[in-house]
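These notes are about the structure you will find just below.
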Amino acid sequence: MAPGRLGAAVLMRGAVALLALAAAPASPAALPPGSTYVALGSSYAAGARIGAAAPSAPVRCGQTVNNYPRLVAARLRLDLVDASCGGATTEHLLHAWNELPAQLDHLTPATRLVTVTIGGNDVHLVGDLARAECDPARDGAAPRCGRPPLPTAAEWARLERHLTEVAREVRRRAPRARLVFVDYLDMLPARPCASVPYDSVGLARARATVRHLAGVTAAVARREHAALLRAGTLSRGHDSCAAEPYAVGRSATGVSWHPTTAGHAAVAAALVRLLSDPG
């Protein structure tokens with residue numbers, strides 16, 4: 001190529017590169033103080049009864065002042081909009097729930113961080129886990145309730161569709177936001193104990209549901225190019241039978257079958273580490 005044409009080609013490539021840089025959105029990894037953070041999810045995000053009730057939050061949602069979204073917002077000096085609510089399903093992220101707007105309606109183009117902890121209620125996780133609190137059979141009588149049932153294939157398929165829709169709606173409504181799925185803390189031990197009084201078959205069924213929920217969440221996060229915080233993995237060594245549980249089964253002091261104060265603190269610390277990684 002002639003020198004003149006070579007120089008023109010180099011200039012053209014440089015101009016195209018500059019235009020591409022100018023058109024590209026700012027890196028979603030950058031979270032300067034004051035950035036808007038919207039937390040979406042169920043009671044595992046709201047922090048059911050782990051501290052004082054959060055001011056100005058809907059009473060029925062059970063948000064507390066030391067849930068993981070508030071700990072992260074305080075640590076990174078973010079402007080938090082906490083839309084999480086106890087009992088929520090993916091349907092309540094996508095659509096209004098009685099007097100509450102769809103959780104996704106709290107997003108704006110200015111939102112820079114979105115966390116999502118949802119799905120357990122779609123497959124009736126907590127209600128089914130609580131079956132371990134049923135009275136055992138005595139004197140030949142049947143137990144008051146049976147082992148946790150497995151969610152149906154239709155329920156799993158609907159959950160995956162809804163999680164995918166949530167991810168795409170976040171991208172549409174808040175294109176500059178960093179999206180992080182935070183899966184569920186896991187209280188289930190390898191063997192039954194006083195706070196998780198299943199027999200071995202019931203415990204295996206419950207663990208299968210928890211694993212499947214984590215797998216669906218991970219698959220959607222990977223397919224939709226979202227970040228994933230594996231809170232269930234954080235629970236290893238901190239199940240309901242451990243000295244410092246991150247989530248508990250049967251509890252006389254807190255909410256049964258839910259995360260503890262220590263669990264929310266651990267999730268918050270891991271999330272801050274994840275968000276501090278520009279990659």
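The values are calculated or read from the model by the stated rules, or taken from the named source; none is laboratory data. None of the values given here were measured: they were computed from a predicted structure. Positions of Cβ are generated from backbone atoms using ideal geometry, with glycine treated the same way; all protein chains shown enter the neighbour counts. The area values use the complete protein model at the heavy-atom level, side chains included, leaving out ligands, DNA and RNA. Shrake-Rupley method; radii C 1.70, N 1.55, O 1.52, S 1.80 Å.
Summary of values
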| quantity | calculated |
| --- | --- |
| Filter result for the condition that a residue is among the aliphatic types (A, V, I, L, M), part of a loop (DSSP other than H, G, I, E, B) and surrounded by fewer than 19 Cβ atoms within 10 Å (Cβ to Cβ), over A242, A218, A204 | A242 |
| Meets criteria (open to solvent by less than 30 Å² (accessible area, probe 1.4 Å), at pLDDT 95 or above, closer than 19 Å to N66 by Cα and touching a Phe, Trp or Tyr at 6+ places or on another chain (Cβ under 8 Å)) for A231 | yes |
| Residue list for the stretch 59-86, filter: assigned to a loop (DSSP other than H, G, I, E, B) and closer than 12 Å to T115 by Cβ | N67, L78, A83, S84 |
| Residue match in the stretch 70-80 (condition: open to solvent by 30 Å² or more (accessible area, probe 1.4 Å), farther than 28 Å from R250 by Cβ and free of Cβ contacts under 8 Å to residues at least 12 places away in the same chain) | yes |
| Positions within the stretch 14-43 being farther than 20 Å from L107 by Cα and modelled with pLDDT of 75 or more, in sequence order | none |
| Filter result (open to solvent by 40 Å² or more (accessible area, probe 1.4 Å) and either at pLDDT below 95 or closer than 20 Å to A218 by Cβ (or both)) within the stretch 254-274 | R273 |
| Which listed residue is loosely packed, with under 15 Cβ neighbours inside 10 Å, more than 23 Å from T164 (Cβ to Cβ), touching a residue at least 12 places away in the same chain (Cβ under 8 Å) and not hydrophobic (A, V, I, L, M, F, W, C), from P33, P55 | P33 |
| The stretch 155-178 - residue that is in contact with a helix residue (DSSP H, G or I) (Cβ under 6 Å, 6 or more places away or on another chain) and closer than 18 Å to V210 by Cβ and, of those, most open to solvent (accessible area, probe 1.4 Å) | E160 |
| Number of the condition not met by S251 [criteria: (1) in a helix (DSSP H, G or I); (2) modelled with pLDDT under 95; (3) not β-branched (V, I, T)] | (1) |
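Okay, residues lined up against (1) modelled with pLDDT of 95 or more; (2) among the small types (G, A, S); (3) buried (at least 22 other Cβ atoms within 10 Å of the Cβ); (4) over 14 Å from the mean Cα position of the chain (by Cα):
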| site | (1), (2), (3), (4) |
| --- | --- |
| V180 | yes, no, no, no |
| M187 | yes, no, yes, yes |
| A190 | no, yes, no, yes |
| C193 | no, no, no, yes |
| A214 | yes, yes, no, no |
